[in-house]
1. With the cut-off at 1.5 for a/c, could you classify the range 105-215 from its C-alpha gyration tensor as rounded, prolate or oblate?
2. Could you report the range 105-215's accessible area per residue, 1.4 Å probe, as an integer in Å²?
3. DSSP loop trypsin sites (Lys or Arg not before Pro) in the range 1-96 with at most 16 other Cβ atoms within 10 Å of their Cβ, which ones?
4. Return the aspartates and glutamates within reach of K118: Cα separation strictly under 16 angstrom, same-chain partners fewer than 8 residues apart disregarded; answer none if there are no such residues.
5. Taking θ = phi - 60°, what integer Hz values does the Karplus form 6.51 cos²θ - 1.76 cosθ + 1.60 yield along the range 185-191, in sequence order, with x for Gly and Pro?
6. Filter the GluC sites (Glu not before Pro) in the range 17-61 to those in DSSP coil with at most 16 other Cβ atoms within 10 Å of their Cβ, and list the result.
7. Lysines within cross-link reach of K176: Cα-Cα under 17 Å, excluding same-chain residues under 8 positions apart?
8. Would you be so kind as to identify which of S230, L21, G67 lies farthest towards the positive end of the dipole of the chain, taking Lys and Arg as +1 and Asp and Glu as -1 on Cβ and the Cα centre as origin?
Amino acid sequence: MRKIGLIGGISWVSTADYYKLINEGINEKLGGLNFSECLIYSFNYADIKKNNENNDWDSTFNMLFKGCESLKSGGAEAIVLCANTMHFIADRLEKAIDLPIIHIASETAAEIQKQKIKKVGLLGTKFTMELDFFKDKLTQKGIEAIIPEKQEDKDFIHHTIFEELGRGLVTDETKKRYLEIAEELIKKGAEGIILGCTEIPLVIKPEDLSVPVFDTALIHSKAAVDFQLS
């Protein structure tokens, strides 16, 4: 089994999901008492959020680079960034650390392509929705991504990811609003919905919508398992 390193704490809620999903995935493949050989470097989410608010990606890069160095020195053969937004600097990190980074958007694009879907709705932080790092990976596979048009919808998603879901808090009101936003994207032609933040599966489940739901944390975890067993 190949050892992987997880960059976590962004937030701890989704990092716990990654750890669970990856271990379950290894056990499903190998059985018995076989589980993932992995390392976790977990950050203080408040430090990352402060950098985001100041648009200080260089500080975030330096933090993650040190975390990746620690994982590499521990024997990790690949890095898993357990957060969609952090993939804004994934390509830069991969070059600097000289280890493969299993890219969440590339893996999600491949999964969407398998279902022959050409247009999807993308939900996530403002960074994930508005910057190109995620959408570019979809475009490379001939997939169009649409995001909420209303600024208040984007603000709502961004705010609740940091202030509610990132703390493990889920309310009926928040779930209802997320589903309304997703339904608007479906009306605009989305054939599937990407849960482009690893905390959004707390409020949107596959059975909630009439189109396929792409849980990026689940897809990413499966890719990590495949790497470990490759």
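1. Details: a/c = 1.66, a/b = 1.47, b/c = 1.12.
In terms of gyration-tensor shape, prolate.
2. Numbers: 5160 Å² over 111 residues.
Each residue of the range 105-215 exposes 46 Å² on average to a 1.4 Å probe.
3. Here the trypsin sites (Lys or Arg not before Pro) that fit, given the DSSP loop and packing criteria, are R2, K3.
4. Output for K118: E107, D136, E144, E191.
5. Using θ = phi - 60°, the values come out as 5, 5, 4, 8, x, 5, 8 Hz.
6. Values: sites: E24, E28, E37, E53; in loops: E37.
Here the GluC sites (Glu not before Pro) that fit, given the DSSP loop and packing criteria, are E37.
7. Cross-link targets: K150, K154, K187, K205.
8. S230
The values are calculated or read from the model by the stated rules, or taken from the named source; none is laboratory data. The structure presented is a predicted model; accordingly, all values stated were derived computationally and were not measured. All Cβ positions, even for glycine, are placed from backbone atoms using ideal geometry, and neighbour counts span all protein chains on display. In case anyone asks, the SASA skips ligands and DNA or RNA and just uses the protein heavy atoms, side chains included. Shrake-Rupley method; radii C 1.70, N 1.55, O 1.52, S 1.80 Å.
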